[in-house]
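The values are calculated or read from the model by the stated rules, or taken from the named source; none is laboratory data. Everything numeric here is computed off the predicted structure, so don't read it as measured data. Neighbour counts run over all protein chains shown; Cβ positions are idealised from the backbone, glycine included.
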Amino acid sequence: MVKGRVSVIGICGESIFMRLDHFHEVGETVVTDNIHIEAGGKGVNQALTLAKLGADVSFLTALGNDAYAKECEKVFADAGLKYQIAYKTGVKTDVGVILTDKTGENQVTVYSGASKMLNANDVYAFEEHIANSEYLLMQLECSNEVLKAGVEIAKKHGVKVILNPAPARAVSEEILKDIYYFTPNELESEILFKHYVPTKYVVTLGKKGAKCVDENGEVFVDACPGVRKNTTGAGDVFNGAFVYALLNGKSFIDATKFGNAASSYKIESNYVLDGIPTLEEVNKRVEFYNK
């Protein structure tokens, strides 16, 4: 374990954003006059948030042997990420289509290509990065095989695992018992708690803030105000910022405040990557909690 460093395992693909007046009725064609394309996925969003805030971060993902994979790699390099890519043949890099209506609500459709081929061997090949980290951040967009390998390696090297259990699904208690912190949203927490109730977690509650639970009890943290345009990626920015704060010695509660402040900035953007704040911008918003 090396203090101050973090590894992230997760997916990356092509995110296609379109803003609509309204979502489709059955059989309806809706025409839009805008489109935006960028790298996306919970893993890469969280890794890029950490990097932009100034963390020393390594990222493992799987991509297809296609043109968009090269675009993703350029994004990693430009962000200063240390990265390891497992290139997969016979599949394309993942694609997500995000439709946003005029109220700011989203509908998302995802093609899971190369990411579902990320496997335990890829994680074992990433072991040195994990071993040289203080935290390992993962999500449930990867398989249980990948999650198990990451947790096992982290445990071997005394690295703390933070799991963003999204999208929610059942996972073996044998894996979950070695997670240090869980960061579900409200729906994900309901699904998680049906089969496993952790002792240390933060539930993100959107405009209602967040609920922190650990050995000291339960604390509610108010949301940091922001003008909502698009909530896509807000949870990812929270996770990246939350881990960044922990890396820099913040308490559980203060790390949650820092995550809330970062996500309040993100929701004011129509997309994700341009909504990731700088450290200076987050610190300015954290002042809300000192009033």
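Residues that are under 18 Å from the mean Cα position of the chain (by Cα), surrounded by 18 or more Cβ atoms within 10 Å (Cβ to Cβ), closer than 29 Å to residue 245 by Cα and not hydroxyl-bearing (Ser, Thr, Tyr) within segment 105-122 comprise just one, 118. A single member of 147, 187 is of a type in the set (A, V, I, L, M), surrounded by fewer than 23 Cβ atoms within 10 Å (Cβ to Cβ) and in a helix (DSSP H, G or I), and it is 187. Say whether the condition of being basic (Lys, Arg) and modelled with pLDDT of 95 or more is met by at least one residue in segment 220-233. No - not one qualifying residue is present in segment 220-233. Of all residues in segment 225-276, how many are over 27 Å from residue 2 (Cα atoms), of a type in the set (Asp, Glu) and either buried (at least 24 other Cβ atoms within 10 Å of the Cβ) or touching a Gly at 6+ places or on another chain (Cβ under 8 Å) (or both)? Matching residues across segment 225-276 total 1. Whether any residue in segment 279-289 is in contact with a Phe, Trp or Tyr (Cβ under 9 Å, 6 or more places away or on another chain), closer than 27 Å to residue 37 by Cβ, crowded, with 23+ Cβ neighbours inside 10 Å and not acidic (Asp, Glu) is what I want to check. Scanning segment 279-289, I find at least one residue that is in contact with a Phe, Trp or Tyr (Cβ under 9 Å, 6 or more places away or on another chain), closer than 27 Å to residue 37 by Cβ, crowded, with 23+ Cβ neighbours inside 10 Å and not acidic (Asp, Glu), so the answer is yes.
Just so you know, in segment 44-77 the residues that are of a type in the set (Asp, Glu) and modelled with pLDDT under 95 include one that is farthest from residue 286 (Cα to Cα), and it is 66. Scan segment 105-133 for residues that are outside any loop (DSSP other than H, G, I, E, B) and aromatic (Phe, Trp, Tyr) and report the count. Selection size over segment 105-133: 2.
For (1) buried (at least 18 other Cβ atoms within 10 Å of the Cβ); (2) in a strand (DSSP E or B); (3) of a type in the set (A, V, I, L, M), each residue gets a yes or a no:
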position: 14; (1), (2), (3): yes, yes, no
position: 22; (1), (2), (3): no, no, no
position: 31; (1), (2), (3): no, no, yes
position: 48; (1), (2), (3): yes, no, yes
position: 58; (1), (2), (3): yes, yes, no
position: 62; (1), (2), (3): yes, yes, yes
position: 78; (1), (2), (3): no, no, no
position: 103; (1), (2), (3): no, no, no
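Looking only at residues of segment 150-177 that are among the small types (Gly, Ala, Ser) and in a helix (DSSP H, G or I), we find that the one that is nearest to residue 113 (Cα to Cα) is 150. The set of residues in segment 257-291 that are under 16 Å from residue 50 (Cβ atoms), in contact (Cβ under 8 Å) with a residue 24 or more places away in the chain and in a helix (DSSP H, G or I) comprises 258, 259, 261, 262, 263, 265, 266, 273, 275, 279, 282. Scan segment 128-148 and give yes if some residue there is out of contact with any helix residue (DSSP H, G or I) (no Cβ under 9 Å at 6 or more places or on another chain) and either among the small types (Gly, Ala, Ser) or at pLDDT below 90 (or both), otherwise no. The answer is no; no qualifying residue exists. Give the residue, chosen from 210, 241, that is among the hydrophobic types (A, V, I, L, M, F, W, C), touching a Pro at 6+ places or on another chain (Cβ under 9 Å) and either touching a residue at least 60 places away in the same chain (Cβ under 8 Å) or under 22 Å from residue 272 (Cβ atoms) (or both). After applying the criteria, what remains is 241. The single condition among (1) touching a residue at least 12 places away in the same chain (Cβ under 8 Å); (2) more than 24 Å from residue 150 (Cα to Cα) that residue 173 does not satisfy is (2).
Within segment 149-185, if we keep just the residues that are charged (D, E, K, R) and under 19 Å from the mean Cα position of the chain (by Cα), the residue that is modelled with the lowest pLDDT turns out to be 169. Taken together, 86, 120 contain a single residue that is without any contact (Cβ under 8 Å) to a residue 60 or more places away in the chain and within 23 Å of residue 50 (Cβ to Cβ), which is 86. Test residue 87 against the criterion of being in a strand (DSSP E or B) and crowded, with 18+ Cβ neighbours inside 10 Å, and give yes or no. Judged against the criteria, residue 87 is not a match.
Filter segment 234-285 down to residues that are among the aromatic types (Phe, Trp, Tyr) and more than 17 Å from residue 222 (Cβ to Cβ) and give me whichever is modelled with the highest pLDDT. The selected residue is 244.
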